[in-house]
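Each remark here refers to the structure printed beneath this line.
The values are calculated or read from the model by the stated rules, or taken from the named source; none is laboratory data. Remember, it's a predicted structure, so these values are computed and weren't measured experimentally. Heads up, the Cβs are rebuilt from the backbone with ideal geometry, glycines too, and the neighbour counts pull from every protein chain shown. When the accessible area is computed, the model is the full protein with side chains, heavy atoms only, and any ligands, DNA or RNA have been set aside. Shrake-Rupley method; radii C 1.70, N 1.55, O 1.52, S 1.80 Å.
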Amino acid sequence: MSLQELPMVFVLLGLVFYVVLGGADFGAAMWQFAVGRGERGERIREHAHEAVGPVWEANHVWLIFVLTVTWTAYPAAFGSLASTLSVALFVAGLGIIVRGAAYALRSGSSDPREIGRIDAASAVSAVLTPFALGAAIGGLASGRVPFGNAKGDLITSWLNPTSIFIGALAVAFCAYLAAVYLAADAARRGDADLVAAFRVRALGAGAVAGALSVAGLVVLHEDAHRLYHELVAGNGLPALIVSVIAGLATFALVVRERFEPARFTAAAAVAAIVAGWALAQQPIFLPGLTVEQAAAPHDVLVTTTVAVLGGAIILFPSLVLLFRLTLGGHLGHAHEERAAAPVVRRDLVLAAAPGLLGRIAAACLLAGFGLLTVAEAGWAHAIGVVALFGFIVVGFAGTVPALLEGEPES
């Protein structure tokens, strides 16, 4: 892997996080609206609303990350994407704003009719946003975004067979992930009625997503043959196989009501789809333009890499703590009903001397920064990236004990 390709790895990782976390937020909005009236329907709506409360803003940070790294590391290509796909991106941006506003307004409203209108607006935005983002990716994947400012068609670049398929698949994935996550949250709270409701929804949405995925291969065969070939017989095939296996495992786990591991297999199935697309499309970024050709100058790439890895030192411990508190029932409505918090093995972390961890982290930081800025060889850059990741891991290991010691007691 070259330095020019490394920021694209960051972009794809950010995209995966946005799909499996932010996508579930949109899916929760869909389920809030797609229920009947009565007490049971109200309980389903409230659960879908409250479950994402502590994390929904953090989930959408990943989209900002993806956009920022892309325009910094691949500015000319980003300009081509933003101009040709401006309509799709505008629809997605508007949907995100409506979804966020609806969430905030619902929390401050008590009138049932007003809440119903808010939920309807939220559900519409929750469908439009992933569809528009998926359609934009479909335009990129099918080669309909040429290099240059607004060189592609503003409409057909994202409203075409491949884009419509990927947009519909994105909506199905959002509903699927949300149903699995919400079933797991209901199981943690011990609410058998909600578990049953979201278990059925998870199985149904998973079946729809699977059927769309299979049917979509026919669409790709006719409309984006190179992508189809790479997915079924090229670099993307291993990821496609992983997605199928993870999807089947999720189905089996949901049937057996083992929702906690199903969270991870569902996320893995969706993440593998993103990986398969990236592997199938490489090294092409835009028609006639590879990732290496689209990259910014060397110094910009080094600075971007160091900034991303340095920011991860703050971001990942914060997210781990946030999700640990959320899933442990310390935040939101579940704090009164949470089960006993899992026992954490602290001895393995605390066994290491803080001074030693600090010295190792500093050595990894110096080595990584030096290899990325001074060396020119690809292998040196690879070692530099590993060293910077080591800096993150070791630094995180040194800070985790303090986070765990300061966590509220169950």
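Within the bounds of the range 148-165, is there any residue that is touching a Leu at 6+ places or on another chain (Cβ under 7 Å) and either surrounded by fewer than 24 Cβ atoms within 10 Å (Cβ to Cβ) or hydroxyl-bearing (Ser, Thr, Tyr) (or both)?
yes
Considering 124, 219, 195, the condition of being in contact with a helix residue (DSSP H, G or I) (Cβ under 9 Å, 6 or more places away or on another chain), farther than 22 Å from residue 275 by Cβ and open to solvent by 40 Å² or more (accessible area, probe 1.4 Å) is satisfied by 124 alone.
For (1) exposed (fewer than 15 other Cβ atoms within 10 Å of the Cβ); (2) part of a helix (DSSP H, G or I); (3) of a type in the set (A, V, I, L, M), each residue gets a yes or a no:
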| site | (1), (2), (3) |
| --- | --- |
| 241 | yes, yes, yes |
| 245 | yes, yes, yes |
| 257 | yes, no, no |
| 262 | no, yes, yes |
| 270 | no, yes, yes |
| 274 | no, yes, yes |
| 279 | no, yes, yes |
| 306 | no, yes, yes |
| 315 | no, yes, yes |
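Note on the range 1-39: residues that are without any contact (Cβ under 8 Å) to a residue 24 or more places away in the chain and part of a helix (DSSP H, G or I) total 3. Is it the case, given these coordinates, that residue 130 is farther than 23 Å from residue 171 by Cβ and either open to solvent by 20 Å² or more (accessible area, probe 1.4 Å) or assigned by TED's automatic domain parsing to the domain that holds residue 296 (or both)? Taking the combined requirement at face value, the residue does not satisfy it.
Regarding the range 155-165, can at least one residue be identified that is in a helix (DSSP H, G or I) and hydrophobic (A, V, I, L, M, F, W, C)?
yes
Applying the condition of being over 23 Å from the mean Cα position of the chain (by Cα) and modelled with pLDDT of 95 or more to the range 80-112 and asking which residue is nearest to residue 8 (Cα to Cα) yields 80. Within the range 188-198, is even one residue in contact with a Phe, Trp or Tyr (Cβ under 7 Å, 6 or more places away or on another chain) and at pLDDT below 95? Looking through the range 188-198, none of the residues is in contact with a Phe, Trp or Tyr (Cβ under 7 Å, 6 or more places away or on another chain) and at pLDDT below 95.
Residues in the range 201-211 include at least one that is in the same structural domain as residue 131 (by TED's automatic domain parsing), without any contact (Cβ under 8 Å) to a residue 24 or more places away in the chain, farther than 30 Å from residue 42 by Cβ and open to solvent by 40 Å² or more (accessible area, probe 1.4 Å).
Just checking, does the range 173-187 include any residue being open to solvent by less than 50 Å² (accessible area, probe 1.4 Å), of a type in the set (Asp, Glu) and more than 18 Å from residue 130 (Cα to Cα)? Yes: one or more hits. Filtered by the rule that a residue be touching a residue at least 40 places away in the same chain (Cβ under 8 Å), more than 23 Å from the chain's Cα centre (by Cα) and open to solvent by less than 60 Å² (accessible area, probe 1.4 Å), the range 288-300 gives 289, 294, 295, 296, 298, 300.
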